Every structure is written in structure tokens, then in C-alpha cells.
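The values are calculated or read from the model by the stated rules, or taken from the named source; none is laboratory data. Source: prediction; values computed, not measured. All Cβ positions, glycine included, derive from the backbone under ideal geometry; neighbour counts span all protein chains shown. The protein model used for the area step is the full one, side chains on, heavy atoms only, and it has no ligands, DNA or RNA in it. Shrake-Rupley method; radii C 1.70, N 1.55, O 1.52, S 1.80 Å.
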Amino acid sequence: MRDGAIAGVVWGGAAPAAPEGAASVDCMGHVLAPGLVDMRAFVGEPGAEHRETLRTASEAAAAGGVTSLVCMPDTNPAIDDPAVVDFVVRRARDTAVVNVHPAAALTKGMAGREMTEFGLLMEAGAVAFTDGARSVTNAQVMRRALTYARDFGALIVHHVEDPDLVGDGVMNEGELASRLGLLGIPREAETVMLERDMRLVRLTRARYHAAMVSCADSFEILTRAKAAGLPVTCGVSINNLTLNENDIGDYRTFLKLSPPLRHETDRQATIDALASGLVDVIVSDHNPQDVETKRLPFAEAANGALGLETLLSAALRLVHAERITLPRLLRALSTRPAEILGLPGGRLSPGAPADLILLDPDEAYVLDKRTLRSRSKNSPFDEARLDGRVLKTMVAGRIVHG
Amino acid sequence: MQRPSFPHRHLLGIEGLSPLDMTALLDLADEAVEVSRQAEKKKATLRGRTQINLFFEPSTRTQASFELAGKRLGADVMNMSVASSSVKKGETLIDTAATLNAMRPDVIIVRHHAAGAVHLLARKVDCAVVNAGDGAHEHPTQALLDALTIRRRKGRIAGLTVAICGDILHSRVARSNMILLSAMGARVRVVAPTTLLPAGIERLGVEVFTRMKEGLAGADIVMMLRLQRERMNGSFVPSVKEYFRYFGLDEDKLAFAKPEALVMHPGPMNRGVEISSAIADGAQSLIREQVEMGVAVRMAVLEALARHMPAGE
């Protein structure tokens, strides 16, 4: 490593002698990997600093091995103006310990009516356009936004959940919701929106990324779209990969999420789609919420769970269960998201930034939420046993954790 | 003097005109320019004839230009605008046509907000009809005046590269110009964000660009189009600021075109939206000349149609 970038990589065999004056780090047989790139994190800054700031989110990220995160525009004010993008970029440069890249709003005020200034926002530093946790329901607005985005090579990231079909639903529709007396969210809320989007992408040929998909039928839609050569990628939430609706148990609001935790068959389909390579990326969907928004009856609580700090530990469950290999997992957590966003990280090769993690995939621990770096504590993995831990995190050659 | 005869009873669009027709109109217009520059501007070609300007859409300059053209040829000109007509009271387009027809006009100049409305009206009257703009379809006299302006300045149209920039989707000026300039041998380009391009435009014989830098490279003529206010706030483009940044003609972008490139705009301009004031008023601008050529071209069109106007009983 030299000047914050990787200078050379030697695979197998003996490494050449370190140049004079170089520091060396003994990795003691652990796994050295490119730092994780998280395409979806909600941060409270600006506007909700009591839940999370760019600094606390970045510290949680560093502890979880995430060296680059994309922050969502659901702030107050929303990140829908070049001046706000500029604020976030500067604020992150001054306070955050990992790379923070803002995603700008797709529509002004995330109201779903008028597209934002894609060109000017990209010049200010926006890496993608999304209305965060909201879907654009007006197909004409979506069509024009996709059309305009294509001219600028902009990446559109869309939350696929039709709010009318969600209605008052608060968890996956089915037997369990009926037993709990909670209104359900049908899978079609996701598939109808996703199918619509695929047709609009076919029409416009814009670069499109489905932020998070959660059910088996969605993978069918995406398989067809990719086979047809559409410029489409997709993500899944770590929560939908490692938890299912049964985890809601006794109305645990930390497991109230959007998209909702689904049936075990959907979770299995999600893992299969990840293993097959159909799913491009895994996101933390990090969403800090405090007691005021979570210590409420299930139906009234806000959506969202912490994710940055536990992303890798939770994902390693799939490796330990032998459902996916470690390289495949790291590809979905690091290499692919960097490629989709056009960021230089996510790989171990000369010239890439020295954003690295040292990982012990086997170290077991029980999560104590009081130790979390986030300003909020709504982790769905509180008191859960996790296997695998990030020992060291490095951003541009500087150690930021461990 | 023997001229090739103009074989059409109406001028409904550039579509349907042969290059010979176009050249004949431009030649006539060259003569009309001379007439308009004399102290005595009046000819007798249309003496005793009645011209009705029927404008369903407000227009200051086109209506004034047609009015002057008719008057310089000696016609009696009547202006009917929608605000003062019975159309407001619910009369249909066909009824209006029948009513006006009964007044025995010799030529009706029509502007309408709906594409095809002028063609419909032309089928219901006995006199000549000139399309002064129908929806986003055609505006033939604008294309002719643009061609006249170019021909007088560059000496030719064939072989020139013309970049038409801006709201192509909603523009009748763009459609008429694409047809006319291509027919006369120019290389026509359109430059706009894809949201302002009609589907399948590349099959209309033009080259399509979505960036000014590439679209203007090597252009002889840069023709800017007006962007309506209601289209610049997030529906078709995000904002005025962003539109001007990437598609507004300023000195930086004009520098991509040939050094001797000329700038045109059909008016009315949105300064600071599609064109900067420095360019609009600069040495390369032909915008005021276009207005002068407008009267001449409309005189030429009326003269060419005069021989087909109804004879007395």
C-alpha cells in the first residue's frame, strides 16, 4: 500500500520484501478482503441528528467493515438539491471515518411528481437517484425520469412497493399476520411495481437498480428482465436473507421493516437467488429509530432496523450454513455494489483505494446492543449469537476500527 | 417573367411540397424583400381580395406578419382571434368554417392548437387556406422564412449542417424545418434531452444528439427552440437552471459549432432558458433578420396562392 491506495498484490508464494520504512501488518491467518460497500443506509443528518449523525453512522460502518456507504435522501431537508448534496459531502469529509456517498432524491421533495436536477446533482457528488423508502407511483413521472436519467448515465434506484397495495398493512400477508391480528402486505405490492418498472426500463433503457426485493415471484421477474438484456440490477436486505416473519414473535417492532420480513419459503428463494448470482448486492438497509418511533404498538411503530454494524456478521450465517461461499458473499457486499455505483473500491488490485478489512469468520459473540456505535439501538440481532467479526477496518490506508 | 407554377391551392404544410415548390417560394420571397424595403411598399396582386386571419391561439408576431403581408399585396385583411369570436360560445370548428366561408373570403390564415385542425378546416371552405401553425404538427411559413434567411446569408442550403436544439417534441417549427431543410439538401440534426424528443425521430431523416457538445460540433446553423414554462419544472426537464446549464445556448456551447456559425430562434425567446442574452443579441444572431424575412415569405406564399383563389361568378 502506498498513499492510501493498493500498490501491489501477490497471490500465493512469498511476498517480496517490504520497502524500507514500510509498516507491515500480520494478519495472523485471518481473511483480508476489500471493505464493504453498502448501497442503502438511512442517516439522520441533516434533520434527525438525535437518531444518527454522519459521524455515528460512519463509526458503526467502520465497526461492521463497511468502508463506503450510500446515504439515502430521506432527510430534512431532503437531499434533492445540489446545495444539500454539497452539505452532506462536506460534512462527511469533516466528520465521517468511512467514505459517504449521497444518493439524491429522484423527485423533488420525494413527492413523486417532478424529477430533480440529475445533471447538477451528479456534479455535486450524488451517486444515484432514489426516493429512498418511497416508490414513485406515477408511471409517467417514472418514465420521464428514467428517460432523462439515461441521457446523463444516471443510476436510478427504486424502492419497489406499491403504497396502495400496502395500504394499512404492517407485515407479510398470510397466516401469521391473520393470527396476530395485523393487516398484511401482499407480495404483489412488490411484484406489481417491479413488473411495471421492468416495462419502463425496456422502453427507456435507463440504468435501474431495484433497491430491495423480498419474494420468490420477484426473482422470476428479474430473471426474465436480465435474460432480455435489460440494464437492471437488484439488491436484497440482509434482514430478508437472515430473518423471516416468525422472528416478529411477540410483536417485536425492531422487526417491522419495509419490505416486510416474508415467509421462510421467500427467504430460501432469496438465498438461492443470491447464490445463483441473480441478486447483485446485499444492503444493510440501516435505519436508526429511537424509542419514540419504536416503543409503540406494532402497527403504529416506524419501519426500520439498524444494519451497518451487524451486516457482515449476519451474512456470514449463510456461509456457515454452507448456502453460499465467502467469495460470493464478498462479491455481493463489496465488488458488485462498487461496480454498479461506479466507485473505485470493492477490489484487491493495484490502484484501488486501500479500503480493506481483516475478518475472522469464526469468532463467535452475542450481540449486546449497548455496545453498538449507532446513536439508536434498534438492532434486530440484539442478544443473538453471531459468528464472524471484523477485526480491523482500513479506509484509504488509515485504520478506522480495531 | 416565366416562373414554375405553384401547383397547390393551400399551404397546409411543408410535407407535400417538392424542392422545386420550395425554391419557387424562396425566389418570390427574395423579390418581396425588395418591395418591403422600398418607401412604396404596396403591390396590387391581391387588390380586392379578402384575407381572414383566424387565430385560435394567441400570437402577436405571426398574426402581425401575415397582416402586413396581405396589406402590402393590396388585400383587405380582417383579424379574428378566439377571444372575440363565437368559438368561445361553443361553436364547432366546422361551423366556424362554414360561417366564414359564406362571407366569401379569398384566403384564410389559420392557427389552431390542435394538430390537423387546419386540414379539417381546409376541406370545408372554398378559398385558399394557409397553415399558420397547427399544434405540434407544422408551421410551414416559419420553415420557409428560416430557409430564406439561411439562403440569403450562406448563399445556399444544400450541404449545410443545421442543428435544431431544444423542445423538439412539442415543436411544429422543428417538424416543418426538418422536412424542408432535408429536402433542400441540408444535414439536419436535432439536439435535446430524450424527454423532449418524439419517439422514432431518428427515422425522420435527422441525426439525433442528446448533448450540445456533440450535436453542435461543426454546425453551420444553430436553431434554438422555445421551451414552454410549464415544461421546465420537473415534468420534462428538472429546472430552468439545469436546462440552461446543459442545453441553453451560451458562448461556451456555441464555440463547439463552426466559428462562422449563425444562430436562429423562431421567437418569442426565453432569455436565460434556451439562449443567453449575449448570444441572442450577438454578432452571430440572425433573430431580427428572421422577422423581416417572415413578412417577405408570407407575401410570397399569398402571391403563389393568388392564381388559385376563387374567380368571380
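Consider B:Val301 carefully, then state whether it is outside the structural domain of B:Ile164 (by the TED database), open to solvent by less than 30 Å² (accessible area, probe 1.4 Å) and among the β-branched types (Val, Ile, Thr). First the steps, then the outcome.
Details: outside the structural domain of B:Ile164 (by the TED database): yes; open to solvent by less than 30 Å² (accessible area, probe 1.4 Å): yes; among the β-branched types (Val, Ile, Thr): yes.
Considered against the rule, which asks whether it is outside the structural domain of B:Ile164 (by the TED database), open to solvent by less than 30 Å² (accessible area, probe 1.4 Å) and among the β-branched types (Val, Ile, Thr), B:Val301 comes out as yes.
Which residues, taken from the range A:294-322, are of a type in the set (Gly, Ala, Ser), in contact (Cβ under 8 Å) with a residue 60 or more places away in the chain and touching a helix residue (DSSP H, G or I) at 6+ places or on another chain (Cβ under 9 Å)?
A:Gly304, A:Ala305, A:Gly307, A:Ser313, A:Ala314, A:Ala315
Consider the range B:228-243. How many of its residues are within 11 Å of chain A (Cβ to nearest Cβ) and either in contact (Cβ under 8 Å) with a residue 12 or more places away in the chain or open to solvent by less than 30 Å² (accessible area, probe 1.4 Å) (or both)?
Quick first cut of the range B:228-243, residues within 11 Å of chain A (Cβ to nearest Cβ) only: B:231-243.
So of that shortlist, the ones also either in contact (Cβ under 8 Å) with a residue 12 or more places away in the chain or open to solvent by less than 30 Å² (accessible area, probe 1.4 Å) (or both) come out as B:231-232, B:234, B:236-240, B:242-243.
Total meeting the criteria: 10.
One line per residue, one yes/no per condition, for (1) among the β-branched types (Val, Ile, Thr); (2) closer than 20 Å to A:Asn303 by Cβ:
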| site | (1), (2) |
| --- | --- |
| A:Ala177 | no, yes |
| A:Met193 | no, yes |
| A:Asp197 | no, no |
| A:Val201 | yes, no |
| A:Ala210 | no, yes |
| A:Glu220 | no, no |
| A:Gly235 | no, yes |
| A:Leu243 | no, yes |
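For residues in the range B:255-289 being within 21 Å of B:Ser176 (Cβ to Cβ) and assigned to a loop (DSSP other than H, G, I, E, B), which is farthest from the other protein chains (Cβ to nearest Cβ)?
B:Leu286
How many residues does the range A:93-129 hold that are surrounded by 23 or more Cβ atoms within 10 Å (Cβ to Cβ), away from chain B (no Cβ under 14 Å) and under 24 Å from A:Arg207 (Cβ atoms)?
Counting residues in the range A:93-129 that are surrounded by 23 or more Cβ atoms within 10 Å (Cβ to Cβ), away from chain B (no Cβ under 14 Å) and under 24 Å from A:Arg207 (Cβ atoms) gives 5.
Has the range A:74-83 got any residue that is more than 14 Å from chain B (Cβ to nearest Cβ), over 13 Å from the mean Cα position of the chain (by Cα) and open to solvent by less than 10 Å² (accessible area, probe 1.4 Å)?
There is at least one residue in the range A:74-83 that is more than 14 Å from chain B (Cβ to nearest Cβ), over 13 Å from the mean Cα position of the chain (by Cα) and open to solvent by less than 10 Å² (accessible area, probe 1.4 Å).
Within the range B:138-147, identify whether any single residue is surrounded by fewer than 20 Cβ atoms within 10 Å (Cβ to Cβ) and of a type outside the set (Asp, Glu), and answer yes or no.
no
Would you say A:Pro186 is more than 12 Å from chain B (Cβ to nearest Cβ), in contact with a helix residue (DSSP H, G or I) (Cβ under 7 Å, 6 or more places away or on another chain) and not charged (D, E, K, R)?
yes
Can you tell me which residue within the range B:214-227, out of those that are within 21 Å of B:Gln290 (Cα to Cα) and out of contact with any strand residue (DSSP E or B) (no Cβ under 7 Å at 6 or more places or on another chain), is nearest to the other protein chains (Cβ to nearest Cβ)?
The residue in question is B:Leu227.
Has the range A:61-73 got any residue that is within 12 Å of chain B (Cβ to nearest Cβ) and in contact with a Ser or Thr (Cβ under 7 Å, 6 or more places away or on another chain)?
No.
Please give the number of the condition B:Glu242 fails out of (1) touching a helix residue (DSSP H, G or I) at 6+ places or on another chain (Cβ under 7 Å); (2) more than 24 Å from A:Thr107 (Cα to Cα).
The one condition B:Glu242 does not meet is (2).
Can you tell me which residue within the range B:190-239, out of those that are of a type in the set (Lys, Arg) and more than 23 Å from the chain's Cα centre (by Cα), is farthest from A:Lys108 (Cα to Cα)?
The first filter runs over the range B:190-239 and keeps only residues of a type in the set (Lys, Arg), leaving B:203, B:211, B:213, B:226, B:229, B:231.
From what is left, the residues that are more than 23 Å from the chain's Cα centre (by Cα) are B:211, B:213.
Details: B:Arg211: 24, B:Lys213: 28 Å.
Ranking the candidates gives B:Lys213 first.
Could you identify the single residue in A:Ala22, A:Ala14, A:Ala62 that is part of a helix (DSSP H, G or I) and among the aliphatic types (A, V, I, L, M)?
Among A:Ala22, A:Ala14, A:Ala62, only A:Ala62 is part of a helix (DSSP H, G or I) and among the aliphatic types (A, V, I, L, M).
If I filter the range A:152-167 down to residues being within 14 Å of chain B (Cβ to nearest Cβ) and open to solvent by 10 Å² or more (accessible area, probe 1.4 Å), which single residue comes out as nearest to the chain's Cα centre (by Cα)?
Going through the qualifying residues, I end up with A:Gly153.
Quick check: anything in the range B:176-198 in contact with a Lys or Arg (Cβ under 6 Å, 6 or more places away or on another chain), open to solvent by less than 40 Å² (accessible area, probe 1.4 Å), in contact (Cβ under 8 Å) with a residue 60 or more places away in the chain and not assigned by the TED database to the domain that holds B:Pro105?
no
Condition first: under 18 Å from B:Ala174 (Cβ atoms), within 11 Å of chain A (Cβ to nearest Cβ) and surrounded by 20 or more Cβ atoms within 10 Å (Cβ to Cβ). Can you find one or more residues in the range B:244-254 that meet it?
Yes: one or more hits.
List the residue pairs whose Cβ atoms are under 6 Å apart, where the first residue sits in the range A:323-346 and is farther than 19 Å from A:Ala210 by Cα, the second is of a type in the set (Ser, Thr, Tyr), and the two are 6 or more positions apart or on different chains.
Final answer for the pair search is A:Gly345/A:Ser68; A:Gly346/A:Ser334; A:Gly346/A:Thr335.
Given the criterion without any contact (Cβ under 8 Å) to a residue 12 or more places away in the chain and either under 22 Å from A:Ala305 (Cβ atoms) or in a helix (DSSP H, G or I) (or both), identify the matching residue among A:Arg55, A:Arg90. Please lay out each step first, then the result.
On the way: A:Arg55 fails: without any contact (Cβ under 8 Å) to a residue 12 or more places away in the chain.
The conditions single out A:Arg90.
Of the residues A:Ala145, A:Ala149, A:Ala177, which is away from every other protein chain (no Cβ under 14 Å), touching a strand residue (DSSP E or B) at 6+ places or on another chain (Cβ under 6 Å) and in a helix (DSSP H, G or I)?
Residue meeting the stated conditions: A:Ala177.
Give the residue, chosen from A:Ile271, A:Ile238, that is free of Cβ contacts under 8 Å to residues at least 60 places away in the same chain and closer than 26 Å to A:Val37 by Cβ.
Only one candidate qualifies: A:Ile271.
Could you check how many residues of the range B:120-137 are aliphatic (A, V, I, L, M), open to solvent by less than 10 Å² (accessible area, probe 1.4 Å) and assigned to a loop (DSSP other than H, G, I, E, B)? Show your work before the answer.
Let us first name the residues in the range B:120-137 that are aliphatic (A, V, I, L, M), namely B:120-122, B:125, B:128-130, B:132, B:136.
Those left that are additionally open to solvent by less than 10 Å² (accessible area, probe 1.4 Å): B:121-122, B:125, B:128-130, B:132.
In the following step, the residues that additionally are assigned to a loop (DSSP other than H, G, I, E, B) were identified as B:125.
Total satisfying the criteria: 1.
Looking at the range B:255-291, which of the residues that are under 23 Å from B:Val33 (Cβ atoms) and more than 22 Å from the chain's Cα centre (by Cα) is surrounded by the fewest Cβ atoms within 10 Å (Cβ to Cβ)?
Residue satisfying both the conditions and the ranking: B:Ala283.
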